[in-house]
1. If Lys and Arg each add +1 and Asp and Glu each add -1, what is the summed charge of the other residues whose beta carbon sits under 11 Å from the beta carbon of A159?
2. What does the charge count near H146 come to, summing +1 for each Lys or Arg and -1 for each Asp or Glu among other residues with Cβ under 11 Å from its Cβ?
3. Averaged over all directions, how much area does the convex hull of the C-alpha atoms of the chain cover when projected, in nm²?
4. What percent does the relative contact order of the chain come to when contacts are Cα pairs within less than 8 Å and at least six residues apart?
5. In deg cm²/dmol, rounded to 500, what helix-only [θ] at 222 nm does the chain give when every DSSP H run of at least 4 residues adds -39500 (n - 2.57) and the total is split over its residues?
6. Pop a pseudo-label 7 angstrom from the Cα along the beta-carbon direction at both A298 and A319 and give the gap in nm to one decimal.
7. On a straight-distance basis, which aspartates and glutamates could pair with K131 in a cross-link, Cα separation under 15 angstrom, same-chain partners fewer than 8 positions away excluded?
8. Which lysines, on any chain, are close to K309 with Cα under 22 Å apart, when same-chain ones fewer than 8 places away are left out?
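All of the numbers you see were taken from the coordinates with simple rules; none came from a lab. Since the model is a prediction, treat every value here as computed from it, not as a measurement. No Cβ is skipped: glycine too gets one built from the backbone with ideal geometry, and neighbour counts run over all protein chains shown.
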Amino acid sequence: MREFGYERAHDVAGAVALLGADPEARYLGGGTNLVDLMKSGVERPALLVDVRELPLDGIEVTADGGLRVGATVTNSDLAAHPEVRRRYPALTQAVLAGASGQLRNMATVGGNLLQRTRCGYFTDTARSCNKRVPGSGCSAHDGEHHNHAILGASAHCVATHPSDMAVALAAFDAVISYETADGPGETPLADFYLPVGDTPHRETALPPGALITGITLPPAPVAAHSRYRKVRERASYAFAIGSIAAALDVEDGVVRDVRLAYGAVASRPWRARAAEAALTGGPATATAFAAAADAELAAAEPLSDNGYKVPLLRNLTVALLSELTEATEGAAR
Ligand SMILES: Cc1cc2nc3c(=O)[nH]c(=O)nc-3n(C[C@H](O)[C@H](O)[C@H](O)COP(=O)(O)OP(=O)(O)OC[C@H]3O[C@@H](n4cnc5c(N)ncnc54)[C@H](O)[C@@H]3O)c2cc1C
Ligand code: SF4
């Protein structure tokens, strides 16, 4: 492991200045991903700028009834917050489905969004990987890829984004706020993760040196009727092989509003807009849910060993939307 410096930032401007002064510096959140990558030699920063003491650890209801979450809020505090549980229950469920209690106590919102892929070739510095070394090739494409992407990938990279939390945030139209030396900015989560194309090493739209300061969830009454479901190869402490965040509002058997996002299928959380469009205003039936999933997954391009994800996501869609229909109609009776 390369020797590195450590600085603890106490205010946002100071953190941005510290990072700007050293092109080889990185922000340090809980360190649960970055430190692992430093140990394996994938990341070799010269300086870590610890952001955990910044005044970005609040969760507050916004004037319009949405939620503002600071970047250094831990995953545990996010999941446990009463307003998150009440207004966006799928977000609580998604966070609790990830990692372990100890890791969630350390991991921050900002770090969770920026955690790197779990593709085994990315973390193995002896193997070719376009994301780690641009132009070196993709070992996964013709190698071990059973948990790789089926949507939005390219021949240059077929890795998935590992975050559970980000899947729920995608369903609820989260907006990411950040600070740079030139001032603050924000980006909708929908535009935050860049298309893979031939530049898989460029992962987000964050300007160089930008510090994530928080996320804002716009008000969404439908989100109160939401759930997250994750399929994994072990019962706990494992990343998803497929997941879904869904929110549904049904009245008299008709879908009034629906939010749907998939995880572990693409290089970013995948908002299922084709499925949402197919469902809105139509019947809340298992047949309609299956047809909507088919509409979304028509764009899937599975590799030789991950085709199982197509029926997996289809079944998850039908099961979770059926459960939500039952729960909403049961509550209305
Ligand atoms: C064994 C294990 C199992 C796991 N299982 C799951 C799982 O099932 N589901 C899941 O979603 N996750 C899982 N994780 C991943 C875990 O959620 C992430 O490691 C964690 O969320 C990262 O947060 P952090 O604060 O520790 O980030 P760090 O490791 O500190 O940082 C990650 C990246 O974000 C950058 N960064 C941090 N904060 C900021 C900021 N404010 N602004 C700009 N850049 C910033 C860092 O520079 C770094 O590049 C697992 C991790 C482990 C080790
Ligand atoms: S899928 Fe992406 S991260 Fe994995 S080896 Fe290929 S280029 Fe690297």
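1. Here the count lands on +4.
2. -2
3. For the chain, averaging the hull's shadow over all directions gives 16.6 nm².
4. Normalised by residue count, the contact order of the chain is 17 percent.
5. -8500 deg cm²/dmol
6. 2.6
7. Those aspartates and glutamates meeting the cut-off are E43, D198, E203.
8. Excluding near neighbours in sequence, the set is K230.
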